[in-house]
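Here the structure is laid out as structure tokens; the discussion comes afterwards.
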Amino acid sequence: MAAIEQKDRLASDWSDEQVETVIGNILRAGVMLAGGVVLLGGIAYLAAHGHEQPDVHVFKGVSPELRSVRGITADALALHPRGIVQLGLLLLIATPVARVVLAAYAFHRQRDRVFVAVALFVLLVLLGSLAGWRL
Amino acid sequence: MDVLHLSFVIWISALIAGLLGALTGLGGGVVIVPTLSLLLGVDIRYAIGASLVSVIATSSGAAAAYVREGFTNLRIGMFLEMATTLGATAGAFLAGVLHTNVIAVIFGAVLIVSAYLSRTNPPPDPEDRGPDPLASRLRMDSTYPTPEGPKPYHVRALPQGFGLMFVAGGLSGLLGIGSGAAKVLAMDQVMRVPFKVSTTTSNFMIGVTAAASAGLYLNRGYIKPGLAMPVVIGVLMGSMLGTRVLVKAHTKQLRLAFSLVILALGIEMIFNGLTGRI
């Protein structure tokens with residue numbers, strides 16, 4: 001009996017309303033953090049490259065180190081302005097991913113197996129995309 | 001024009017796009033790509049990459065506020081995100097195969113349709129036709145706040161809505177837009193969900209949908225930090241400003257003006273696509 005009450009209490013800790021509040025906080029924090037990193041990197045970028053000629057008119061594709069999670073992290077840690085901006089953009093892309101992870105956990109706490117599977121499916125598609133679907 | 005000047009011009013344009021997008025509820029992404037490619041001569045692939053990232057920023061920022069109001073239906077959103085993320089993946093693959101001329105023409109057509117849709121008023125809440133067995137089993141039926149207290153609603157035609165969401169995701173992944181209008185249409189007209197629930201849940205889904213194609217765009221080298229930076233900052237500031245002044249603005253005239261701008265951009269996109277200038 002006590003075990004069931006305990007279960008009910010745990011489940012009510014993760015009611016839809018509370019999940020909504022946590023998700024709202026994650027989204028806001030993610031956007032603020034990402035925006036801050038992009039802004040800092042952007043100021044450094046403009047200070048270093050502001051007087052160069054822009055190369056956005058002809059498509060060449062950005063350099064390979066700015067195309068993968070690993071490359072971007074390394075470039076940002078080396079404090080290259082472009083790498084810092086790209087890290088901020090990566091954090092922005094990661095914000096909805098974090099939201100899906102949280103939703104999967106919340107559905108697990110609510111013992112809703114169908115929706116745990118739904119959330120994990122979406123997560124798989126998102127991670128596959130970030131990895132470039134190179135399996 | 002050097003990098004500093006171009007970044008400033010792009011930042012101002014993105015700020016205006018984000019502001020108008022928030023004020024009219026049409027989203028800024030839809031005008032970012034034509035502005036960058038038609039007016040500033042940016043390659044459309046870089047423009048789409050930058051727009052896509054800015055879409056994640058605005059939708060996540062707005063969703064953070066909306067989920068607390070209690071209109072957003074997390075279950076509907078999460079379930080339909082299976083369709084939108086798969087569609088977005090397909091759209092992003094297609095973007096790598098199709099010629100930029102073709103993408104420009106499709107973009108123009110979507111702009112013209114959005115301009116038309118934005119002229120129509122939000123429909124009255126649909127009458128409740130009772131539960132749908134599949135949607136009820138998935139516990140999607142819920143309530144939404146009204147002045148008279150929480151009002152229950154049911155979800156209809158889940159499979160049809162799911163199919164339309166795949167198409168909406170495809171457009172988002174192909175064109176770098178949020179495709180909120182298509183998502184709202186699917187939920188509101190087909191699934192018969194109340195309008196405010198449709199718009200907030202659609203916005204909630206936009207970020208995840210865009211993230212599914214943004215990964216592929218990143219891998220393909222479409223996301224250029226120097227360009228995406230002023231776009232993201234501008235759109236984010238513009239939309240935050242937009243939500244603050246929303247109450248004071250004359251949204252009706254604004255919507256009309258903005259839809260005319262979208263229409264003009266759509267025609268120009270199609271023209272440039274057909275004449276091979278993009």
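The values are calculated or read from the model by the stated rules, or taken from the named source; none is laboratory data. Note that the structure is a prediction, hence the values are computed from the model and not measured. Every residue, glycine as well, gets a Cβ built from its backbone with ideal geometry; the counts of neighbours run over all protein chains shown. For the accessible areas, the whole protein counts, side chains as well, though only heavy atoms, and no ligand, DNA or RNA atoms are used. Shrake-Rupley method; radii C 1.70, N 1.55, O 1.52, S 1.80 Å.
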Taking 37 °C and 0.692 mPa s as the conditions, I'd like the Stokes-Einstein D for the stretch B:66-200 in µm²/s, using the Kirkwood hydrodynamic radius from alpha carbon pairs. 208
Inter-part gap, Cα centre of the stretch B:23-71 to Cα centre of the stretch A:85-135, in whole angstrom, is 21
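How large is the Kirkwood hydrodynamic radius of the stretch B:56-98, counting all unique pairs of alpha carbons, in Å?
On the way: mean 1/r = 0.0824 Å⁻¹.
This gives a value of 12.1 Å.
Against the globular-protein guess of 2.2 N^0.38 Å, express the Cα radius of gyration of the stretch B:134-278 as a ratio, rounded to two decimals. Mind showing how you got there, number by number?
Details: Rg = 18.4 Å, N = 145, 2.2 N^0.38 = 14.6 Å.
After normalising by residue count via 2.2 N^0.38 Å, the value is 1.26.
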Between 0 and 90 degrees, rounded to the nearest ten: what's the tilt of helix A:113-130 against the longest Cα principal axis of chain A? 10
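At a Förster distance of 35 Å, what's the computed FRET efficiency of B:Tyr116 paired with A:Ile43, Cβ-Cβ distance as r, to 0.05? All intermediate terms of the calculation are to be shown ahead of the outcome.
On the way: r = 41 Å, r/R0 = 1.18.
Taking R0 as 35 Å, the efficiency between B:Tyr116 and A:Ile43 is 0.25.
Per residue of B:58-67, how many C-beta atoms from partner chains lie within 10 Å of its own C-beta, taken as a mean? Present the calculation step by step, with values, prior to reporting the outcome.
Values: counts 1, 4, 11, 7, 2, 8, 12, 3, 3, 10.
Going residue by residue through B:58-67 and averaging, the value is 6.
Could you state the accessible area per residue of the stretch B:60-124 in Å², with a 1.4 Å probe and every protein chain left in place?
Value returned for the stretch B:60-124: 38 Å² of accessible area per residue.
Can you give the direction-averaged projected area of the convex hull of the alpha-carbon atoms in the stretch A:8-70, in nm²?
Working: hull surface 29.9 nm².
Orientation-averaged projected area of the Cα hull: 7.5 nm².
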Accessible area (Å², 1.4 Å probe, nearest 10) - A:His51: 150
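Pairs of Cα atoms under 8 Å, at least six residues apart: use those to get the relative contact order of the stretch B:144-278, whole percent. Write down the numbers at each step before the final one.
Working: 71 pairs, mean separation 24.0, N = 135.
Normalised by residue count, the contact order of the stretch B:144-278 is 18 percent.
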Counting only heavy atoms of protein chains, what accessible area per residue, in Å², does the stretch B:136-176 have with a probe of 1.4 Å? 50
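To the nearest 20 Debye, how big is the dipole of chain B about its Cα centre, given +1 on the beta carbon of each Lys and Arg and -1 on that of each Asp and Glu?
So the magnitude is around 120 debye.
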Sorting B:Glu148, A:Glu20, B:Glu268 by accessible area (1.4 Å probe), largest first, what list results? B:Glu148, B:Glu268, A:Glu20
Give me, ordered by chain and number, the residues 5 or more places off B:Ser142 or on other chains with an amide H under 5 Å from its own placed amide H. B:Tyr153
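Would you please report the Å³ per residue occupied by the convex hull of the alpha carbon atoms in the protein assembly as shown?
145
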Work out the mean other chain Cβ neighbour count within 10 Å for the residues of B:31-42 and drop it here as an integer. 1
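Mind checking how much accessible area B and A bury in total, 1.4 Å probe, in Å² rounded to 100?
Values: alone 13420 and 10020 Å², together 18170 Å².
Using a 1.4 Å probe, the pair buries roughly 5300 Å².
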Tilt relative to chain A, helix A:81-109 - C-alpha long axis, 0 to 90 degrees, to 10: 10
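Beyond 27 Å, what share of the Cα-Cα pairs of the stretch B:1-135 remains, rounded to the nearest whole percent? Working shown, then result.
Working: 3048 of 9045 pairs.
Summing the P(r) of the stretch B:1-135 above 27 Å gives 34 percent of all pairs.
Looking only at Cα atoms, what is the convex hull volume of chain A per residue, in Å³?
Taking the convex hull of the Cα positions in chain A, it is 144 Å³ per residue.
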Leaving out ligands, DNA and RNA, and with a 1.4 Å probe, what % of the accessible surface on the protein assembly as shown is carbon or sulfur? 66
In whole Å, what is the distance between the alpha-carbon centres of the stretch B:200-240 and the stretch A:9-82? 10
Could you give the alpha-carbon Rg of chain B over 2.2 N^0.38 Å, rounded to two decimals? 0.98
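Provide a whole-number value for the mean count of partner chain Cβ atoms within 10 Å of the Cβ atoms in peptide B:138-149.
Working: counts 4, 5, 0, 0, 1, 0, 0, 0, 0, 0, 0, 0.
Taking all residues of B:138-149 together, the mean is 1.
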Relative to the longest principal axis of the C-alpha atoms of chain A, give the angle of the C-alpha long axis of helix A:2-13, reported between 0 and 90° and rounded to the nearest 10°. 30
Magnitude of the Cβ-charge dipole of the protein assembly as shown, K/R +1 and D/E -1, about the Cα centre, nearest 20 debye? 220
